[in-house]
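Enquirer: Pasting a structure here, questions to come.
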Amino acid sequence: MAVLIIEYENRHRRMTLNGRASIGRTQNNDIVLEHPAVSRIHAVIEAVDGVYLIYDPGSKNGTLVGDELINQPRALEDRDRISIGPAIITFRENDDFDDASHELSETHGGMLVDCECGTKLWIPKEMIGGRGQCQPMWSGWKGTCCRSTPLL
């Protein structure tokens, strides 16, 4: 199953794609990026005949895949980086990749770990060693978790 790694506001989130995802500023999107550079509905990722396509339905500031401004549907390839406003979204074709979830990243100042519930959690360096609970990583996250997990 395809996965999106969303980097926004110094936070990371992993989202499994289930056929279609809308990205935009308003709460009715699957991925909400509350930023003035992001349009209400900024981009849509959709599976068509086994291939994930991204298209921009007319956003004000455009959508980049790599360095390319897209103006028509474009097939996504593994590791494509999508830029929408201040967010970077990395497309992964499947979820069985090694995401270095147990290595510190100086670039991002933390690490990605697996919660007991299966959710991927981004732990800032200053919180490693404590305890915490899964919680929304940004205002548009629609996941839940009720278990606490050690933060390594």
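Enquirer: Can you give the accessible area of residue 83 in Å² (nearest 10), computed on protein heavy atoms with a 1.4 Å probe?
Expert: 30 Å²
Enquirer: What nm value, rounded to one decimal, do you get for the distance between residue 68 and residue 46 when each label is placed 7 Å out toward the C-beta?
Expert: My value for the distance between the label points is 1.9 nm.
Enquirer: Ok, one more. Between residue 53 and residue 95, what FRET efficiency follows from the Cβ-Cβ distance if R0 is 22 Å, with the result rounded to 0.05?
Expert: On the way: r = 19 Å, r/R0 = 0.87.
So, using R0 = 22 Å, E works out to roughly 0.70.
Enquirer: Want the number for residue 28 to residue 1: 0.36 nm per residue separation, take away the alpha-carbon distance, what's left?
Expert: Numbers: separation 27, 0.36 × 27 = 9.72 nm, distance 2.31 nm.
Stretched fully, the residue 28-residue 1 segment lengthens by 7.4 nm.
The values are calculated or read from the model by the stated rules, or taken from the named source; none is laboratory data. Source: prediction; values computed, not measured. When we count neighbours, we look across all protein chains shown, and the Cβ atoms used for this are built from the backbone with ideal geometry, even at glycine. Note: areas computed on protein heavy atoms with side chains; ligands, DNA, RNA excluded. Shrake-Rupley method; radii C 1.70, N 1.55, O 1.52, S 1.80 Å.
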